Amino acid sequence: MAVAADAGRRRRGGKGRLIGALASTASVFVVWAVAALIADSRLLPTPWRVFDLMITAIVSGDLVFHLTATLGRVIAAFTAAMLIGSAIGLAMGRSRVVNSALDVWLVLLLNIPALVVIILAYVWFGLNETAAICAVALNKLPNVIVTIREGARALDPDLDQMARAFKLNWRKRLFEVVLPQLQPYIAAAARSGLSLVWKIVLVVELLGRSNGIGFQLNLYFQLFDVASILAYALSFILVMLSIEIFILQPIESRANRWRIQTR
Amino acid sequence: MRGLDLSIAAGSLTALIGPSGCGKTTTLRILGGLDHDYDGSVSVGPETRIGYVFQEPRLLPWRSVDQNVRLVLDDPDAVDLTAIYGRLGISDMGRRFPGELSLGLARRVSIARALAIRPEILLLDEPSASLDETTAQRMRALILDVWQADRPTTVLVTHNIREAIQLADRLVLLAPRPGRMIGDVAIDRPQDARDTAFIETLREDLIRRFPETIA
């Protein structure tokens, strides 16, 4: 009885959320369209002009080419930062020795400007793909470490003791006991990470790559083509939105099944 | 904890009794290999299978009951658990999550988990704590049933003297500050033949002999 009532409330909540999201998306376009019509300027093109350009770029294949290049870098840098950052964060959260050994490095990484890391990476390793991806990953890394370290500090000692009492192997301890406890922290790091990573990828591309959205933005900046700049930026926002809706959210709700059933 | 010298017969059911702070749980943790910070020696074979039932069930909230029990198995899919589930009365709970269970049920699941590895040694930490009397009594019957079926060497920690007399065939009495052993009482009468009168008589006798431990 209680379960049915709860499910009903959740469904209604979902519907309300959908309407809210649609309304806020619509409001963005209305404000944009009105502003563009009033300004009537090359510097603020109308939404339909931008969509028109987007379609043209998709048909010509340019957009897809540059989008794929950027997306590839985002995925590579994001994956590297998440994996390495989670491992370091977990180690720092669990061991006081590791924590004090790496703490200065962490503070250094946290406070070094993204631009400095990118420039140094290009200067030291050359204008190549490895340097670009490393620079982005390095910018995201401290953020992941800090978040996962908090999670690792909050791990339940009782469950750890249970795992030791039953002599669980490291694989079970990691995947069955530790990672599910870190899951909210990993999700938080992934969320903030994805948006940060793609913004930095654009800077990396602008400074030292010959393809990708960032490279295109630089080109259109020099041509003063605001409509194309918006078209490229928007298309990538749409891709990131799809990743959020079709990949991140389903993974999260799957991981949270046990919570929904119990509350 | 000082000068504890205990050797436990295989297949026996020993109860460690004493007020809080006397080191019952610590003794259990040392036996279970969870605590290494002590001077002395424990001779439990390294390959001995030890089933540990903690006072709190300590189940993984994100895994179903069945997954929780199978977690501790080396080959999770090869073991038939129906007999264990049946004996503990949790046969239809397999797909539920621990958050949906009462404490009594969750503790039964944690006993099932300990039994799943077919333990040679079974360690029980206050198995009836925080349960209402009816549920606690059922829990005791279950423990007796489980022990009589496979005869694992069982060590039960409790502060409930009646429970200890009802279940154990040996009582080890501990006193606090410093934790030490003050009594070692064997109970010869079989568990099934221990009625309320027997339990009460023995309890009063123990209170007379060990007033500092049993109050």
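For the stretch B:80-105, the candidate set comprises residues that are within 14 Å of chain A (Cβ to nearest Cβ) and surrounded by fewer than 15 Cβ atoms within 10 Å (Cβ to Cβ); within that set, the residue that is nearest to A:Trp258 (Cα to Cα) is B:Gly99. Restrict the check to the stretch A:19-40 and report whether at least one residue is surrounded by 18 or more Cβ atoms within 10 Å (Cβ to Cβ), modelled with pLDDT of 90 or more and of a type in the set (Phe, Trp, Tyr). Within the stretch A:19-40, not a single residue is surrounded by 18 or more Cβ atoms within 10 Å (Cβ to Cβ), modelled with pLDDT of 90 or more and of a type in the set (Phe, Trp, Tyr). Summed over the stretch B:24-71, residues that are within 10 Å of chain A (Cβ to nearest Cβ) and under 21 Å from A:Ala255 (Cα atoms) total 10. Residue selection: B:Gln67 fails the criterion of being of a type outside the set (Val, Ile, Thr) and part of a loop (DSSP other than H, G, I, E, B). Applying a threshold of 7 Å to beta carbon distances and a minimum spacing of six or more residues, or different chains, the list of pairs starting in the stretch A:217-241 at a residue that is free of Cβ contacts under 8 Å to residues at least 12 places away in the same chain and in the same structural domain as A:Asp52 (by TED's automatic domain parsing) and ending at one that is of a type outside the set (Ser, Thr, Tyr) and in a helix (DSSP H, G or I) reads A:Phe221/A:Ile229. Taking every residue in the stretch A:70-98 that is charged (D, E, K, R) and pairing it with any residue that is in a helix (DSSP H, G or I), at least 6 positions away or on another chain, the pairs with Cβ-Cβ distances below 7 Å are A:Arg73/A:Ala132; A:Arg73/A:Ile133; A:Arg73/A:Val136; A:Arg73/A:Val201; A:Arg94/A:Ala152. Of note, A:Val197 does not satisfy the criterion of being part of a helix (DSSP H, G or I) and within 14 Å of chain B (Cβ to nearest Cβ). With respect to B:Ser128, determine if the residue is surrounded by 17 or more Cβ atoms within 10 Å (Cβ to Cβ), more than 10 Å from chain A (Cβ to nearest Cβ) and of a type in the set (Ser, Thr, Tyr). Yes.
Of the residues A:Arg164, A:Arg173, only one is at pLDDT 90 or above and at the interface with chain B (Cβ under 9 Å from one of its Cβ atoms); which?
That would be A:Arg164, the only listed residue that is at pLDDT 90 or above and at the interface with chain B (Cβ under 9 Å from one of its Cβ atoms).
The values are calculated or read from the model by the stated rules, or taken from the named source; none is laboratory data. Keep in mind that this is a model prediction, so the values were computed, not measured. Don't worry about glycine lacking a Cβ; one is built from the backbone with ideal geometry, like all the others, and counts go over all protein chains shown.
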